[in-house]
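The values are calculated or read from the model by the stated rules, or taken from the named source; none is laboratory data. Everything numeric here is computed off the predicted structure, so don't read it as measured data. All Cβ positions, even for glycine, are placed from backbone atoms using ideal geometry, and neighbour counts span all protein chains on display. Just so you know, the surface numbers come from the protein's heavy atoms only, side chains and all, with ligands and any DNA or RNA stripped out. Shrake-Rupley method; radii C 1.70, N 1.55, O 1.52, S 1.80 Å.
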Amino acid sequence: MTNSELKYKLNSNSPVIAPSMLKCDFGNLHREIELMEDAGAQVLHWDVMDGHFVPNLSYGAMLIERVRSLTSMAFDAHLMISHPEKYIDDYIKAGCNSITIHIEAVPDPGDILKHLNQSGVIPGLAVSPETPLSAVEPYLDQAGLVLIMSVEPGFGGQSFIESSIEKIKQLKSMIPADTILSVDGGIAMDTIAETAGAGANYFVVGSAIFDQADYSTAVSELAAKARSKTASST
Ligand code: DX5
Ligand code: ZN
C-alpha cells in the first residue's frame, strides 16, 4: 500500500486508535502485538526516545524491524530524538509506514519530510506543548500527519494538558482536509471525546489501553467515545 493509500484508509477508518507500545509488556512483546491485532487496532505507535531530546531512553529501529514481520498492522514511529536526519533511513528500512519527527529537533524539516514522502512513508510532524503552531505552519502542506503532544514528550502515564484542545482546533483550521490530525499523551475515556470534537481523528493511547485487563474493550470503547464527538457531529 502506498503512503497516500494508507493515509486515505486511515482517514476513512477514523477515529483511529493507535496503541503506544511504550506502555506494553516488553517481556511478552509478540503476545502484546497479537492482542492489539485481536483488539482491532489498525496501527501500532512506536515511541523512540534517545535520552537527549527527551530525558528517557526507549528502543530503536532494530527492535521495530525485528517485529515488523509479526503483523500487518501499520507501524507509526514517533521519533523523540535529536538529529533525526541521521537515523531516518533506519526507520524507513525497518518498515515504518509513518514517521514523525519533532519540529523542536529540526527547525527546518522540509528536506526530511520530502525524503519521507519520496520513500513511500507518511511524513509526520510533531509539536510539543510549549511550541506554537506558527513553528510548523510553513511545513503543513508537506506533512501527511501532524501530531499534537498533549503531554510533555518523554514518558507515558502523564495527565492531559487541557490547553491542547485550543491548539487542536487551531491546527484543524490550518491543515488540508486529508491531513491526519493526531493527538498523543493522556488520552483516555475522559479526554478523548473533547479532542475528537476539536478535530483530532487519530489518537495515540498508552496507559488507557495497557493498564486495562481487556485491551479489546479498551480500544473499542475509546473509539466509540471519539466517534460520538467527531468534529463533523459537533
Ligand atoms: C509520550 C509518548 C506517548 C505516550 C502515551 O512521550 O509520545 O505516546 O507513551 O502514553 P499515555 O497514553 O500513557 O500518555
Ligand atoms: Zn508518541
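From the list I161, I209, pick out the single residue that is touching a Pro at 6+ places or on another chain (Cβ under 9 Å), in contact (Cβ under 8 Å) with a residue 24 or more places away in the chain, of a type outside the set (D, E, K, R) and over 29 Å from Y139 (Cβ atoms).
Details: I161 fails: over 29 Å from Y139 (Cβ atoms).
Only one candidate passes the filter, namely I209.
How do the pairs read when you match residues in region 130-154 that are in a loop (DSSP other than H, G, I, E, B) with residues anywhere that are among the aromatic types (F, W, Y), using Cβ under 6 Å and keeping only pairs 6 or more apart or on different chains?
The qualifying pairs are S150/F160.
Looking at S128, is it surrounded by 18 or more Cβ atoms within 10 Å (Cβ to Cβ), in contact with a Gly (Cβ under 8 Å, 6 or more places away or on another chain) and not β-branched (V, I, T)? Reasoning before the result, please.
Working: surrounded by 18 or more Cβ atoms within 10 Å (Cβ to Cβ): yes; in contact with a Gly (Cβ under 8 Å, 6 or more places away or on another chain): no; not β-branched (V, I, T): yes.
For S128, the condition - surrounded by 18 or more Cβ atoms within 10 Å (Cβ to Cβ), in contact with a Gly (Cβ under 8 Å, 6 or more places away or on another chain) and not β-branched (V, I, T) - is not met.
For region 202-217, how many residues are more than 16 Å from ligand 2 (Cβ to nearest atom) and either under 15 Å from the mean Cα position of the chain (by Cα) or more than 16 Å from M21 (Cα to Cα) (or both)?
The qualifying residues number 1.
Let's see how each residue does on (1) over 18 Å from the mean Cα position of the chain (by Cα); (2) β-branched (V, I, T); (3) more than 27 Å from G95 (Cβ to Cβ); (4) within 14 Å of ligand 1 (Cβ to nearest atom):
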position: A126; (1), (2), (3), (4): no, no, no, yes
position: L133; (1), (2), (3), (4): no, no, yes, no
position: F155; (1), (2), (3), (4): no, no, no, yes
position: K169; (1), (2), (3), (4): no, no, yes, no
position: G186; (1), (2), (3), (4): no, no, yes, yes
position: V219; (1), (2), (3), (4): no, yes, no, yes
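Within region 52-61, identify whether any single residue is free of Cβ contacts under 8 Å to residues at least 12 places away in the same chain and among the aliphatic types (A, V, I, L, M), and answer yes or no. Break it down stepwise before answering.
We begin by selecting, within region 52-61, every residue free of Cβ contacts under 8 Å to residues at least 12 places away in the same chain; these are 57.
Adding the requirement that they be among the aliphatic types (A, V, I, L, M) leaves 57.
Checked region 52-61: at least one residue is free of Cβ contacts under 8 Å to residues at least 12 places away in the same chain and among the aliphatic types (A, V, I, L, M).
Within the bounds of region 160-176, is there any residue that is touching a Phe, Trp or Tyr at 6+ places or on another chain (Cβ under 7 Å) and over 23 Å from N3 (Cα atoms)?
First pass over region 160-176, keeping only residues touching a Phe, Trp or Tyr at 6+ places or on another chain (Cβ under 7 Å): none.
Checked against the condition, which is being touching a Phe, Trp or Tyr at 6+ places or on another chain (Cβ under 7 Å) and over 23 Å from N3 (Cα atoms), region 160-176 yields no hits at all.
Identify, from the list I88, I81, I92, the residue that is of a type in the set (V, I, T) and either touching a residue at least 60 places away in the same chain (Cβ under 8 Å) or within 16 Å of ligand 2 (Cβ to nearest atom) (or both). Let's see the steps before the verdict.
On the way: I88 fails: either touching a residue at least 60 places away in the same chain (Cβ under 8 Å) or within 16 Å of ligand 2 (Cβ to nearest atom) (or both); I92 fails: either touching a residue at least 60 places away in the same chain (Cβ under 8 Å) or within 16 Å of ligand 2 (Cβ to nearest atom) (or both).
Exactly one residue qualifies, and that residue is I81.
Any idea which of (1) of a type in the set (V, I, T); (2) open to solvent by 50 Å² or more (accessible area, probe 1.4 Å); (3) closer than 21 Å to Y59 by Cβ is the one V121 doesn't satisfy?
Status for V121: all satisfied but (2).
Considering region 146-157 alone, what residues qualify as being open to solvent by less than 30 Å² (accessible area, probe 1.4 Å) and more than 20 Å from R227 (Cβ to Cβ)? Spell out the reasoning first.
Step one: of region 146-157, the residues open to solvent by less than 30 Å² (accessible area, probe 1.4 Å) are 146-151, 153-154.
Matches in region 146-157: V146, L147, M149, V151, P153, G154.
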